[in-house]
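Colleague: Attaching a single structure in structure tokens format; questions to follow.
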Amino acid sequence: MGTESLAGPESAGRTSPPTRERLSGWGRTSPSVAEVLRPRSREEIAEAVTTAGPRGIVARGLGRSYGDPAQNGGGRVLDLTGMNRILAVDLDTGQVVVEPGVSLHQLMEAMLPFGYFVPVTPGTRHVTVGGAIACDIHGKSHHADGSFAQHVVSMDLLLADGGVRTLTPESEPELFWATAGGMGLTGVVLRATLRMLPVETSRILVETKRVADLDEAMARMTETDADHRFSVASLDNLATGPSLGRGWVESGNFATVADLPAKQRENPLAFHPKPVASMPDLFPSGLLNRRTIRLMNLANFRRAPQNSHTHIASIGGFFHPLDAIHDWNRVYGPAGFLQYQFVVPFDAASTLRRIVERVAVQRAPSFVTVLKRFGPASPGYLSFPTEGWTLTYDFPTGTPGLPGLLRWMDGKVLEAGGRLYLAKDSRMSAADLEAMYPRLEAFRKVRAAADPQGVFVSDQSRRLSL
Amino acid sequence: MKDSLGSVQSLLVLGGSSDIAVATARKLAQDKTKRIILAARPSERLDAAVTLLRSHGADVRTVDFDALDFSSHEKVLAPLFEEGDIDVVLLAFGVLGEQARDERDPLSAAQVVQTNYVGAVTSSLVCAEALRKQGHGSLVVLSSVAAERARKANFIYGSSKAGLDAFAQGLGDSLEGTGVHVMIVRPSFVETKMTTGRPKAPMSTTAEAVADGIVEGLRRNAEMIWVPAPVRFAMSAVRHLPRPVFRKVAEKQG
Ligand SMILES: Cc1cc2nc3c(=O)[nH]c(=O)nc-3n(C[C@H](O)[C@H](O)[C@H](O)COP(=O)(O)OP(=O)(O)OC[C@H]3O[C@@H](n4cnc5c(N)ncnc54)[C@H](O)[C@@H]3O)c2cc1C
Ligand SMILES: NC(=O)c1ccc[n+]([C@@H]2O[C@H](COP(=O)([O-])OP(=O)(O)OC[C@H]3O[C@@H](n4cnc5c(N)ncnc54)[C@H](OP(=O)(O)O)[C@@H]3O)[C@@H](O)[C@H]2O)c1
């Protein structure tokens, strides 16, 4: 493998002393207080894990999961963002070896100049490789590329006893696939070797088309998925009646140099996204409500081109529009918000429709409503993506009637053989989890063998008796 | 752990047979509370509470708990937190006493104060420490509007609640930054077993209404609630009445 280079910005720093901190997820709900350690070496991690005490320990990346998986009330939390060195790069094969706290943003900055993009990107670049593996995240390319862990060649996992195991899908399929999607409960990922995606440019050629209703959205996605690596539909979730599920579909591929206008061809791999603004922490809860979200949904819908329109988009503009505003989650105010993401099999399209209908009729406002098609599942025991339709809503927690609505949705999703995403979950029930993830028992066995004392625990694992 | 919608998963009640507590536990069980522990003195009323809560699908158990047996509180309560996290502790026990009798019999007055104040202090300190170790959780303390200004007709009870109320406020402040939240509940006259046979006071309410207030307060992590809500403003006026005027008003109420 290549050179020792590309150190992260904070890599040589010293270890700061542990602090007691109130932590929550990106939704800013259900905080708890834990002892936060910021290790800089695997020795420090091993020490923290083996002396964790009765409340255990869990890893944390950039805290972009919405609920409570990266917090551990009364116990220890390992903030791994200081372990952010890119350790090795092989420009021929596109493989990189990274520490767990390396973010996808950092990888893009480092690797795009060499013609490599991350194998999978979620809707924000500000997630760590550790978090990406532990949630086995997906992007707009799932139908083409699968989930993140399917691009992990190997990883080093620190176990409860302080020992380190190198896992590959071939050598240790069980522990590898229990760790991928395992929500930090098998151990601490210390480093990972990833297969990056070769690209000619840093631009996406995007076709955008307005769709009048849910059927059209679904038909358009099914049609364009075959020859587009990326696809996603954004819905106006408050539209009802004949407009139910209206929105716009974006289908894209990485642009080739030939696709670019002359000016961009000079530097086809340019990547300089900058947050354009930062959210102050002054918003009252309830600013995003039915009325304001209805207006925003409508404006967005009207802006989308009626006929298919092709344009060149930047990586930030296409994949991570919300990253342009730092701390945008503050706009929900102190009461916070939650994200609800489910998947149902393709043959359960009627369930999808019923849910979209009920949410619209009940006028539960969702700031972001995103529909996607998932390809085949990865072997991860608790990996979320399974073949079918996945829909994501963002709801302010104060929405009237929300608890009952979500419970009704849980039931429909379960009935249809679907499931909810643990990286977004902040409220599902342990019984539903059990029913939605048929391989949970098998996961528990692998976990029990790797961590017999249950050292790795999180608020989420306690809440769901994971 | 309370979930993102403020729903409670596990509840410990101190004074498990109290009408207000049972109404609250029932509402929580109807929502999402699966594990309920009723710490109480054994009684038929307690058995009935267990049956009722089980019928709502909760996993309910009881432990023997006597508020007056201060030295047992640590031993009885601390181990309950080892069995699994407790999201909410509801401190509901209390006695009204008999004002006239208690004035004549200082030892029976002491009984009221020891239950409502001393027993509440010892048991909530044990629970607060356990919650602090957990890094999350709420302690709900049933105070009373009587704590805001004690009247001639109930000053023994009222002063014990005033002590408890002040204690709970200080405890809440001292737990800042630990993840633990203390909520003080100040109901007006509530029609429960405690008040049967007593003349209804103005702005009286029901155990159901107090339970609703508690459930809603837990969702938004309120630090102090009044039930019914407007009593807050009434009491703030009452607190500022000059003594002679207050005596007249209180006299009318009996
Ligand atoms: C705006 C936005 C858009 C998003 N879009 C998507 C999307 O399109 N697709 C998608 O899949 N997800 C999406 N997410 C969710 C996000 O990708 C995941 O929650 C991701 O795991 C967050 O990474 P993180 O570094 O912040 O991890 P954290 O949130 O800090 O932690 C998540 C989990 O990873 C575990 N973990 C972290 N580091 C390690 C480690 N080194 N070893 C073991 N376990 C570890 C933690 O214990 C925890 O269980 C989105 C989130 C946001 C805020
Ligand atoms: N009712 C009102 O008007 C009113 C108004 C404001 C505040 N409050 C407060 O609300 C709380 C609940 O009262 P409530 O109205 O629900 O009345 P309740 O039904 O009489 O409840 C009082 C509870 O306290 C318990 N208790 C008394 N002494 C105890 C002891 N030594 N050890 C253990 N438990 C003991 C009782 O248990 P047993 O069954 O074993 O006796 C009973 O369960 C009390 O703190 C009360 O002061 C009530």
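The values are calculated or read from the model by the stated rules, or taken from the named source; none is laboratory data. Please read all numbers here as calculations on a predicted model, not as lab measurements. For neighbour counting, all protein chains shown are included, and Cβ atoms are generated from backbone atoms with ideal geometry for every residue, glycine included. Just so you know, the surface numbers come from the protein's heavy atoms only, side chains and all, with ligands and any DNA or RNA stripped out. Shrake-Rupley method; radii C 1.70, N 1.55, O 1.52, S 1.80 Å.
Colleague: Select from the range A:108-134 the residues that are over 14 Å from the mean Cα position of the chain (by Cα) and aliphatic (A, V, I, L, M) and write down the one among them that is nearest to ligand 2 (Cβ to nearest atom). Show your work before the answer.
Modeller: So the first thing to find is which residues in the range A:108-134 are over 14 Å from the mean Cα position of the chain (by Cα), and the list is A:108-117.
The next check asks that each one be aliphatic (A, V, I, L, M); those that pass are A:108, A:110-112.
Numbers: A:Met108: 59, A:Ala110: 62, A:Met111: 63, A:Leu112: 64 Å.
Going through the qualifying residues, I end up with A:Met108.
Colleague: Return the pair list, or none, for Cβ contacts closer than 6 Å from residues in the range B:60-72 that are small (Gly, Ala, Ser) to residues that are open to solvent by less than 60 Å² (accessible area, probe 1.4 Å), at least 6 apart or on different chains.
Modeller: Cβ pairs passing all conditions: B:Ala67/B:Phe93; B:Ala67/B:Thr115; B:Ala67/B:Gly119.
Colleague: Do any helices (runs of 4 or more DSSP H) lying entirely in the range A:173-270 carry at least 1 residues that are closer than 30 Å to A:Leu464 by Cα, and which ones are they?
Modeller: Details: elements: A:173-179, A:214-225, A:262-265.
Result: A:173-179.
Colleague: Another one. What's the total number of residues in the range A:158-181 that are free of Cβ contacts under 8 Å to residues at least 60 places away in the same chain and touching a Phe, Trp or Tyr at 6+ places or on another chain (Cβ under 9 Å)?
Modeller: Count: 3.
Colleague: Pairs, please: C-beta under 7 Å, at least 6 apart or cross-chain, first residue within 11 Å of chain B (Cβ to nearest Cβ) and in the range A:443-466, second assigned to a helix (DSSP H, G or I) and open to solvent by 20 Å² or more (accessible area, probe 1.4 Å)?
Modeller: Hits for this filter: A:Leu464/A:Ala430; A:Ser465/A:Ala430.
Colleague: Looking at A:Thr19 and the list (1) of a type in the set (S, T, N, Q); (2) without any contact (Cβ under 8 Å) to a residue 12 or more places away in the chain; (3) within 14 Å of chain B (Cβ to nearest Cβ), which single condition is not satisfied?
Modeller: (2)
Colleague: Is the range B:105-126 home to any residue that is within 14 Å of chain A (Cβ to nearest Cβ) and touching a Ser or Thr at 6+ places or on another chain (Cβ under 7 Å)?
Modeller: The answer is no; no qualifying residue exists.
Colleague: Regarding B:Ala67, is this residue crowded, with 20+ Cβ neighbours inside 10 Å and modelled with pLDDT of 95 or more? Walk me through how you get there before you give the answer.
Modeller: On the way: crowded, with 20+ Cβ neighbours inside 10 Å: yes; modelled with pLDDT of 95 or more: yes.
Taking the combined requirement at face value, the residue satisfies it.
Colleague: In this structure, is B:Lys252 away from ligand 1 (no atom under 16 Å from the Cβ), over 30 Å from A:Ser285 (Cα atoms) and out of contact with any helix residue (DSSP H, G or I) (no Cβ under 8 Å at 6 or more places or on another chain)? Give the derivation first.
Modeller: Details: away from ligand 1 (no atom under 16 Å from the Cβ): yes; over 30 Å from A:Ser285 (Cα atoms): yes; out of contact with any helix residue (DSSP H, G or I) (no Cβ under 8 Å at 6 or more places or on another chain): yes.
Spelling it out, B:Lys252 is indeed away from ligand 1 (no atom under 16 Å from the Cβ), over 30 Å from A:Ser285 (Cα atoms) and out of contact with any helix residue (DSSP H, G or I) (no Cβ under 8 Å at 6 or more places or on another chain).
Colleague: Which residues, taken from the range A:328-349, are open to solvent by less than 40 Å² (accessible area, probe 1.4 Å) and closer than 19 Å to A:Ser30 by Cα? So that I can check it myself, show each step before the final result.
Modeller: First, pick out the residues of the range A:328-349 that are open to solvent by less than 40 Å² (accessible area, probe 1.4 Å): A:328-329, A:331-333, A:336-345, A:348-349.
Residues satisfying the conditions are A:Trp328, A:Asn329, A:Val331, A:Tyr332, A:Gly333, A:Gly336, A:Phe337, A:Leu338, A:Gln339, A:Tyr340, A:Gln341.
Colleague: Right, here's the next one. Among the residues of the range B:106-143, count how many are over 12 Å from B:Leu14 (Cα atoms), open to solvent by less than 50 Å² (accessible area, probe 1.4 Å) and touching a strand residue (DSSP E or B) at 6+ places or on another chain (Cβ under 9 Å).
Modeller: 9
Colleague: Out of (1) within 19 Å of the chain's Cα centre (by Cα); (2) within 14 Å of chain A (Cβ to nearest Cβ); (3) farther than 21 Å from B:Ala207 by Cα, what's the single condition that is false for B:Thr33?
Modeller: Evaluating B:Thr33 over (1) within 19 Å of the chain's Cα centre (by Cα); (2) within 14 Å of chain A (Cβ to nearest Cβ); (3) farther than 21 Å from B:Ala207 by Cα leaves (3) as the failure.
Colleague: Does the range A:105-117 include one or more residues that are near ligand 1 (Cβ under 9 Å from one of its atoms), more than 14 Å from chain B (Cβ to nearest Cβ) and of a type in the set (A, V, I, L, M)? Steps first, answer last, please.
Modeller: Within the range A:105-117, the subset near ligand 1 (Cβ under 9 Å from one of its atoms) is none.
Checked against the condition, which is being near ligand 1 (Cβ under 9 Å from one of its atoms), more than 14 Å from chain B (Cβ to nearest Cβ) and of a type in the set (A, V, I, L, M), the range A:105-117 yields no hits at all.
Colleague: Which residue is farthest from ligand 2 (Cβ to nearest atom), if the candidates are limited to the range A:392-428 and must be touching a residue at least 60 places away in the same chain (Cβ under 8 Å) and part of a strand (DSSP E or B)?
Modeller: A:Arg419
Colleague: While we're on this one: B:Ser143 - would you say it is modelled with pLDDT of 95 or more and under 12 Å from the mean Cα position of the chain (by Cα)? Break it down stepwise before answering.
Modeller: On the way: modelled with pLDDT of 95 or more: yes; under 12 Å from the mean Cα position of the chain (by Cα): yes.
It is true that B:Ser143 is modelled with pLDDT of 95 or more and under 12 Å from the mean Cα position of the chain (by Cα).
Colleague: Here's another thing I want to ask about it. Name, by its number, the condition in (1) aliphatic (A, V, I, L, M); (2) within 14 Å of chain B (Cβ to nearest Cβ); (3) not in a loop (DSSP other than H, G, I, E, B) that does not hold for A:Ala70.
Modeller: Failed condition: (3).
Colleague: So which residues in the range A:73-87 are out of contact with any Asp or Glu (no Cβ under 8 Å at 6 or more places or on another chain) and within 11 Å of another protein chain (Cβ to nearest Cβ), if there are any at all?
Modeller: A:Gly74
Colleague: Also, I was wondering about something else. Among residues belonging to the range A:390-412 that are open to solvent by 10 Å² or more (accessible area, probe 1.4 Å) and over 22 Å from A:Ala335 (Cα atoms), point out the one that is farthest from the other protein chains (Cβ to nearest Cβ).
Modeller: A:Lys412
Colleague: Now for a separate question. Out of the range A:143-164, which residues are out of contact with any Ser or Thr (no Cβ under 9 Å at 6 or more places or on another chain) and not in a helix (DSSP H, G or I)?
Modeller: A:Leu158, A:Gly163, A:Val164
Colleague: Go through the range B:203-229 and count every residue that is assigned to a loop (DSSP other than H, G, I, E, B), open to solvent by 20 Å² or more (accessible area, probe 1.4 Å) and within 16 Å of B:Ile184 (Cα to Cα).
Modeller: Residues in the range B:203-229 being assigned to a loop (DSSP other than H, G, I, E, B), open to solvent by 20 Å² or more (accessible area, probe 1.4 Å) and within 16 Å of B:Ile184 (Cα to Cα): 5 in total.
Colleague: Then there's this: Report the residue count in the range B:86-98 for those that are out of contact with any Lys or Arg (no Cβ under 6 Å at 6 or more places or on another chain) and open to solvent by less than 30 Å² (accessible area, probe 1.4 Å). Write out each step before concluding.
Modeller: Let us first name the residues in the range B:86-98 that are out of contact with any Lys or Arg (no Cβ under 6 Å at 6 or more places or on another chain), namely B:86, B:88-98.
Those left that are additionally open to solvent by less than 30 Å² (accessible area, probe 1.4 Å): B:86, B:88-94, B:97.
Residues that pass the stated criteria total 9.
Colleague: Tell me, please, whether a residue that is farther than 24 Å from B:Leu107 by Cβ, away from ligand 2 (no atom under 13 Å from the Cβ) and assigned to a helix (DSSP H, G or I) can be found in the range B:134-147.
Modeller: Taking the range B:134-147 first, the residues farther than 24 Å from B:Leu107 by Cβ are B:134-143, B:145.
Filter again for away from ligand 2 (no atom under 13 Å from the Cβ), leaving B:134-139.
Of the ones still in play, those that are also assigned to a helix (DSSP H, G or I) are B:134.
The answer is yes; a qualifying residue exists.
Colleague: Same structure again: Going through A:Pro385, A:Pro365 one at a time, which residue ends up being within 16 Å of ligand 1 (Cβ to nearest atom) and open to solvent by less than 10 Å² (accessible area, probe 1.4 Å)? Working first, answer last.
Modeller: On the way: A:Pro365 fails: within 16 Å of ligand 1 (Cβ to nearest atom).
Within the list A:Pro385, A:Pro365, the selection yields A:Pro385.
Colleague: Right, next: With touching a Phe, Trp or Tyr at 6+ places or on another chain (Cβ under 9 Å) and away from ligand 1 (no atom under 16 Å from the Cβ) as the only criterion, which of B:Val50, B:Val112, B:Val88, B:Val63 stands out? Spell out the reasoning first.
Modeller: On the way: B:Val50 fails: touching a Phe, Trp or Tyr at 6+ places or on another chain (Cβ under 9 Å); B:Val88 fails: touching a Phe, Trp or Tyr at 6+ places or on another chain (Cβ under 9 Å); B:Val63 fails: touching a Phe, Trp or Tyr at 6+ places or on another chain (Cβ under 9 Å).
Only one candidate qualifies: B:Val112.
Colleague: Name the single residue, out of those in the range A:1-18 being modelled with pLDDT of 50 or more and over 14 Å from A:Thr81 (Cβ atoms), that is surrounded by the most Cβ atoms within 10 Å (Cβ to Cβ). Talk me through it step by step, then tell me what you get.
Modeller: Quick first cut of the range A:1-18, residues modelled with pLDDT of 50 or more only: A:13-18.
If we keep only those that are over 14 Å from A:Thr81 (Cβ atoms) too, we end up with A:14, A:17-18.
Numbers: A:Arg14: 8, A:Pro17: 7, A:Pro18: 16.
Among them, the one singled out is A:Pro18.
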